[in-house]
Amino acid sequence: MVPLSWYLVLAAALFCVGLYGVLARKNAVAILMGIELMLNAVNINLVSFWHYLNPQVMAGQMFTIIVLTVAASEAAVGLALIISIYRRRNSVIAEDMDLMKW
Amino acid sequence: MDIGQLIKDPLGTLGGLLTSLLASIGLAPGAIGVIEKIIGVVIIASFALVLPLFLIWFERRVVARMQDRMGPNRVGPQGLLQTIADALKLMTKEDITPTGADKLVYNIAPILSVVAIISMWAVVPFASNILGTPLNVGALYIVGVGSLGTLAIMMGGWASNNKYALLGAFRTVAQLVSYEAPMILSLLVPVLLARTMDLNGIVQAQPVAFIVAAPIAALIFFVTSVAEVGRTPFDLLEAESEIVAGFHIEYSGMKFGMFFVAEFLHAFTVGALTAVLFLGGWRGWGTDQVPLLGVVYFMLKAFVGYFIVVLMRTALPRIRIDHMLDLNWKFLVPTSLSVIVVTIVVDKLIQQAGITNDWARSGLLFLANVVLALAIFGILRRSARQLRAFEEAEGSGHAAEHEPEPHGQPAEAGAHAAPAH
Amino acid sequence: MTVTVDQILFLLSALVTLGAAIIVVTARNLVHAALALIATFFGVAILFVLLQAGFLATVQVVLYIGAIAILIIFAIMLTRRVMQDSGPQTNQQWWLAALLSLALFAALWAVFQQVPGLQNVTGTQVIPNDSLQRLGFGFVDPNQYMLPFELASVLLLIALVGSIVIAGEKQ
Amino acid sequence: MFLTPLVAQQLTWLIPLPPLLSFALIVLFTNRSKLLSHTLAIGLMAVSWVISWVVFFNTLTITNFGGLAAVIQNAVPWLPFGSAAVGTQPLSMGVLVDPLTGLMLFFVPLACLLIFIYSVGYSNFGLPREAHDVPGTPPHGVEPLYSRFFAYLSLFAFGMLLLVVADNLLLLFVGWEIMGLCSYLLIGFWYARNYADPKQITPRQAAVKAFMTTRVGDMFMMLGIVYLYSQAGTLSFRDILYNRDVLAHLASAPSIIVGLTVSHVVGLLLFAGTVGKSAQFPLHVWLPDAMEGPTPVSAMIHAATMVSAGVYAMIRMFPLLSAGWVPGGALTPPMLAMAIIGSFTALFAATIAMTQSDIKKVLAYSTISQLGFMIASLGIGAYVAAAFHLVTHAFFKALLFLGSGSVIHGVEHGHHETEHSAAPAAEHGAEHAAAPFDPQNMFNMGGLAKRMPLTYWTFVIGGFALAGFPLVTAGFWSKDEILAESFAHAPAVFIVLGLAALMTAFYTMRQISLTFLGQPRSPAVEHATEHEPIFRPMLLALVVLSFFAVAAGWVGIPEHFPVIGGLVPNWIESYSVGGLLERPEALAFSYWPLLTSLVVALGGLLLGWWVYRGYQLGQADPLEAPLGPLYTLLRNKYYFDELYDFLFVRPVYWIAETFVSVWIDKGVIDGTLHLIGRAALRLGDIFRNDFDLPVVNGFGDLVGKSVNRFGRTFRVIQTGKVQQYLLVLMAIIVVLGAVLLLPGLR
């Protein structure tokens, strides 16, 4: 049987990869992708905990669905933001969006 | 093993036989399960891939009839083998990959389009006990894998490194993504009525076909499914007169053949799903004694749906893109939403009233649908009148195109002002 | 040690998931990254299936692949000038980010080592076959998760309106 | 309508307020609209008149009114200082109505109201505003400062009414001072007026003079009030004047001045105040010059209110002044002073009045002498007679002033006409400068009886009342009573007053005949008229006043008078004595004073008519020959102005300009101040350069600069790149999480 730790390690790895994407990628869309990866990692954790610890209580899956909702909203709004920024500044490079700097 | 058993439950019998056979070889039970599943996949896939050979011939003949032609009738009896000849021709054609194309994506796209359609058939019940896998969220699964087709078309269109192809891809996304919404909503109506998402369960739940209880939903599902397929009148993604051939302009040989197959198969799948969801699937006389009959009934119903699709293709002109979007967002989505609400309320009331007779229930729901339809038509008429009055007042009726003002200016100014010391 | 079929399937899907994820964050071509992302989603869906959460797997496919991935690709195409740029797709601090990610992974690994008896937590519990109904009831049961559910729906509505307002052409 | 005393109290509170209200309203809001302004002033004055009469007529029905227990009195705490330790009560603000107040309430508001009405016509309301009328000069068109005039009048009336209803000395003094201010404002109302003759006093000088002169008296009065408060512990009239113990204590207690008791000192001081206010002998000089103000003001000041206020105060304080005096006994020092000064003033002013040529000046001096009558009679203890004469005099003197005003107005009007007919194109101001025509000079008048008949008759009534024409006029009865009292108690005073009465009759007739009889002696007088619309309110006031000038006397006919005695009860006696503790017994009737008054009145009138019957233009004053140098002396008012100028004004100016200003102020004070200033400057310099700049500013700048440098150094981390922020954030989280979750790292 597959032990829980495998899933946890996988989720951790996925999360770290996503984090790297978020931190290192130039393109704002790519950053969004990284965020999606991290969310997926979280989902994996949730579901595996549900499956391994107490399948009678569906909390894990419910949280997963909530996370999915948030992910969908985040993708929609984030992409809308990226598109409108692209319209104004003709660039989706995250580093170019530094109006807040000194 | 006796013949009766085989007739009653062919799959179960053969599966048991195979299991014992493999076990005798000495495999782990898990491995056996995997092997059996793979065999099932192969069977269903081959069925789904052979079917189009017939579908294409069927459609060509029908279209020819509609256009007062003979259609293919040379190769084989009634030209039945014509499609095989075409397939051979396609396979022998040179496989061209345009320069600058994204090879990986370019090659994956057609495969994916076929895979998407075929994997739909994994949950379609041919008969009460003949089906790929009993998935308790079958309806949802249908939607999910259906969206893969969209992906495939988009990938192909983008990877071809061709302007028209990309335009086709854009149109695809615009059309397919937006028509998914009313399709899913109308799909929810039979799910509601059957209280399950398992397709087989849905079929079992309609002693009276749901088309009686939910005609509007059935209509919407059918139309949106056709739009999903991209058949006329929704074939904007491959409109020859506008964008030469749309997303598959650069494809040749068997890759194009795959898209072709996928489209026909998808069209038939639309008929099949309509049959499953609204026409009672494999239900018919004598299916209890001989479940195999169900396959016949199911195929008949599916072909009826497919026939209608073909008739639509031959009969209707292409719809304009803005009309297409308006139809979706301004008519289909609200209508399907209202249908869902009405269905929920009325069905609940019926349940409360303690009416258990299926015909009575269906009749009441039908009445509700009729009333709803009347209301919708009333609203449509009024809005249409207002629109006409508005256009007459406006003269030409089309507001002037206005330039989007340059958004860059304020942002640029801020960018310059910010680093001031 | 004997490797069971489940473990093989898990390792395969995990491989697909991680590999695709790495492609996502490293691919120069954004479209490839998006496709890899879809692959990752698929892998995750398969993992859900292995975890006997079929509903979630389907939802994963419908939502992530059918909606989010397509949205992302669409956005990439809309900002297509960026699409075929072949410069380095990472900023100057990419090595810092890599270091940090590795450090995080190491830390998590160490944390897993801390947890006693994590190794022998294996799925022995029987999964209720009416888990889907439980899920549904849990979402409409005021004593459980009705409020988060409603909030989620409201959130979706807000996101819908907000994205339309943001991305819509300013008149 | 009869009111309960309570309601009467509340009404009494309301008496002074309407004029104050109108003053405020006019000044603040309606000063743009003439009509609104005078409507407000007159209307509200009428309100307070009605209230006053309501209160007054109610007092008639109250039995034992003005007894020991005050019937209408109401007071609220005002200045809560004063302590029982030194036996002083907190000062209260309150109203009191006793017989004396009742009398005042009877004539003061009425006279004020009539004068208001008269002012409407006098200020040419209804005429267009003439272009060359500069504000602050006698106008030919409508008065430019119309609203302001009525505002001042209202304030003045407020002061007087406040003084009348006041129930203690302090409140009375407040009203007193308000009237002082208003007299200043009103006398100097034509502040821009100048004369060709530099010796002639201008309105502003007159205003300053009046103010200053009365200040002298007010100073003493204030001293008296303070001293009284310090001794009696209270200023309330009831507590002092109706309290035998207090009076006895004050009368017996020795004072700061050796040989005088407290009551003597206080009485003398208060009397000094009255001398200033009522223009008695040493301080009389301001009143004639106060004629520079508009005529209604003169009437207001010299008839109805201000000068009466002085006498009123004396009558009010009579029990204190006469404390320790038994009728027939020796006079107290204050009474003695009053008797001497009063009688002397009466004679002395009458002599001056005989030779004046200005119609208003004559009246002014006659006022002074009449006030002298009152003071003298009060000095000999004739309380009732003084009050009686106060009332009657108020009426007929107001009548005379208003009549003279009407005359002057008519003559000016005629002057206006003649100038226009003579030189229609000629510029007005220029002609005034070239040929100064004095419309107040009686020697230019004559024959006005035909041209201004109504004015003539009312003036005659007033004049005869002043002269004391027997039996019909009010002045006769009051003056006769004074003479009788003086005859009974102080023969010397009687003789002096008799002489004064004779002269009074004489100059009155002189005035009448010079003004109204004979032939016109100037073209302006020929064109004089009273038939213009602007005269209507003036004539109305005249008629009403003339009625009272006649009728006011009948309330005071002594019972023992032959023939008509007792036909009308001697109401004034029975009413006003209610304000006293010891009621003086009715005077035994004797023929001498009656004969005297008859002789002096009729004789004086006849003499005056006989001397001036045939006066022609350019002719010298017929009195000049017989009197000789005395005439010049009288004509120059005994050179009092010059004397005061030499004695006080010049020294004061010298002190002010040379001594104080140059030496003390510039030399000493400024010197010291400059020294201090320079020192402070130098000190500040030291502080600034040696402490503030290096230390304080240095520190402040250091802080600011360091913060600035800090910010400039650390702002580079503020890149605005969200990924960097996230990187740092995650790094911190990882480290923290590791440290917290991994015991190996702890």
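Details
- Screening D:His420, D:His432, D:His393, D:His415 for residues that are part of a helix (DSSP H, G or I) and modelled with pLDDT of 85 or more leaves exactly one candidate, D:His393.
- Residue match in segment C:109-131 (condition: at pLDDT 85 or above, of a type in the set (Gly, Ala, Ser), closer than 30 Å to A:Val29 by Cβ and surrounded by fewer than 17 Cβ atoms within 10 Å (Cβ to Cβ)): no
- Single residue of segment D:360-380 satisfying the filter (of a type outside the set (A, V, I, L, M, F, W, C) and under 15 Å from D:Ala313 (Cα atoms)) that is surrounded by the most Cβ atoms within 10 Å (Cβ to Cβ): D:Ser377
- The listed residue being assigned by TED's automatic domain parsing to the domain that holds B:Thr172, under 24 Å from the mean Cα position of the chain (by Cα) and assigned to a helix (DSSP H, G or I), out of B:Leu293, B:Leu325: B:Leu325
- Checking C:Ala97, C:Ala159 one by one, the residue that is touching a strand residue (DSSP E or B) at 6+ places or on another chain (Cβ under 9 Å), of a type in the set (Gly, Ala, Ser) and facing another protein chain (nearest Cβ under 7 Å) is C:Ala97 and no other.
- Candidate set from segment B:176-198 (those that are in a helix (DSSP H, G or I) and without any contact (Cβ under 8 Å) to a residue 40 or more places away in the chain); member that is farthest from B:Phe247 (Cα to Cα): B:Ala194
- From C:Pro148, C:Pro88, C:Pro142, residue being away from chain B (no Cβ under 13 Å) and touching a residue at least 12 places away in the same chain (Cβ under 8 Å): C:Pro88
- Filter result (of a type in the set (Phe, Trp, Tyr) and under 30 Å from D:Gly405 (Cβ atoms)) within segment D:254-293: D:Phe281, D:Trp286
- Test: residue in segment D:55-64 that is at pLDDT 85 or above, assigned by TED's automatic domain parsing to the domain that holds D:Gly102 and in contact with a helix residue (DSSP H, G or I) (Cβ under 7 Å, 6 or more places away or on another chain): yes
- Extreme residue, farthest from B:Arg361 (Cα to Cα), among residues of segment B:156-205 that are crowded, with 23+ Cβ neighbours inside 10 Å and among the aromatic types (Phe, Trp, Tyr): B:Trp158
- Flag for D:Leu693 being in a helix (DSSP H, G or I), modelled with pLDDT of 90 or more and more than 30 Å from A:Ala94 (Cβ to Cβ): no
- Qualifying residue in segment D:312-324 (condition: in contact (Cβ under 8 Å) with a residue 60 or more places away in the chain, within 22 Å of D:Tyr184 (Cα to Cα) and buried (at least 24 other Cβ atoms within 10 Å of the Cβ)): yes
- Selection of segment D:600-636 for residues being hydrophobic (A, V, I, L, M, F, W, C) and either surrounded by 15 or more Cβ atoms within 10 Å (Cβ to Cβ) or not assigned by TED's automatic domain parsing to the domain that holds D:Met503 (or both) yields D:Val600, D:Ala601, D:Leu602, D:Leu605, D:Leu607, D:Trp609, D:Val611, D:Leu623, D:Leu627, D:Leu633, D:Leu634.
- Filter result for C:Val121 (over 30 Å from D:Val728 (Cβ atoms), within 7 Å of chain A (Cβ to nearest Cβ) and of a type in the set (A, V, I, L, M)): yes
- Criterion (in contact (Cβ under 8 Å) with a residue 40 or more places away in the chain, small (Gly, Ala, Ser), farther than 30 Å from B:Ile376 by Cα and surrounded by fewer than 24 Cβ atoms within 10 Å (Cβ to Cβ)) met by exactly one of B:Gly280, B:Gly246, B:Gly257, B:Gly284: B:Gly257
- Conditions (1) in a loop (DSSP other than H, G, I, E, B); (2) in contact with a Leu (Cβ under 6 Å, 6 or more places away or on another chain); (3) touching a residue at least 12 places away in the same chain (Cβ under 8 Å): number failed by B:Ala116: (1)
- C:Ala21 at pLDDT 85 or above, crowded, with 21+ Cβ neighbours inside 10 Å, within 17 Å of A:Val29 (Cβ to Cβ) and at the interface with another protein chain (Cβ under 7 Å from one of its Cβ atoms): yes
- Of residues in segment C:27-68 being within 17 Å of A:Ile83 (Cα to Cα) and either surrounded by 24 or more Cβ atoms within 10 Å (Cβ to Cβ) or of a type in the set (Phe, Trp, Tyr) (or both), the one nearest to the other protein chains (Cβ to nearest Cβ): C:Ile68
- The set of residues from segment B:299-325 being over 12 Å from B:Phe268 (Cα atoms) and surrounded by 13 or more Cβ atoms within 10 Å (Cβ to Cβ) comprises B:Leu311, B:Met312, B:Arg313, B:Thr314, B:Leu316, B:Arg318, B:Ile319, B:Ile321, B:Met324, B:Leu325.
- Residues that are touching an Asp or Glu at 6+ places or on another chain (Cβ under 6 Å) and away from chain C (no Cβ under 11 Å) within segment B:117-163 comprise B:Asn129, B:Ser160, B:Asn162, listed in sequence order.
- Among the residues here, C:Gln133 does not qualify as within 9 Å of chain A (Cβ to nearest Cβ) and polar (S, T, N, Q).
- Criterion violated by D:Val662 - all others in (1) farther than 30 Å from D:Val362 by Cβ; (2) surrounded by 12 or more Cβ atoms within 10 Å (Cβ to Cβ); (3) within 56 Å of the chain's Cα centre (by Cα) satisfied: (2)
- Residues located in segment C:109-142, provided they are part of a loop (DSSP other than H, G, I, E, B) and charged (D, E, K, R): C:Asp130, C:Asp141
Let's see how each residue does on (1) at pLDDT 90 or above; (2) surrounded by fewer than 24 Cβ atoms within 10 Å (Cβ to Cβ):
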position	(1), (2)
D:Phe125	no, yes
D:Glu130	no, yes
D:Leu145	no, yes
D:Ala151	yes, no
D:Ser154	yes, no
D:Leu161	yes, no
D:Leu170	no, yes
D:Phe173	yes, yes
D:Ile187	no, no
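- Helices (runs of 4 or more DSSP H) within chain A that include 2 or more residues away from chain D (no Cβ under 14 Å), over 26 Å from C:Ile76 (Cα atoms) and among the polar types (S, T, N, Q): A:28-52, A:59-89
- Filter result (free of Cβ contacts under 8 Å to residues at least 60 places away in the same chain and in contact with a Gly (Cβ under 8 Å, 6 or more places away or on another chain)) within segment A:24-38: A:Ala30, A:Leu32, A:Met33, A:Gly34, A:Ile35, A:Glu36, A:Leu37, A:Met38
- The conditions of being part of a helix (DSSP H, G or I), within 30 Å of A:Lys26 (Cα to Cα) and more than 7 Å from every other protein chain (Cβ to nearest Cβ) are met by C:Ala106.
The values are calculated or read from the model by the stated rules, or taken from the named source; none is laboratory data. Model, not experiment: these values are computed from the prediction. Heads up, the Cβs are rebuilt from the backbone with ideal geometry, glycines too, and the neighbour counts pull from every protein chain shown.
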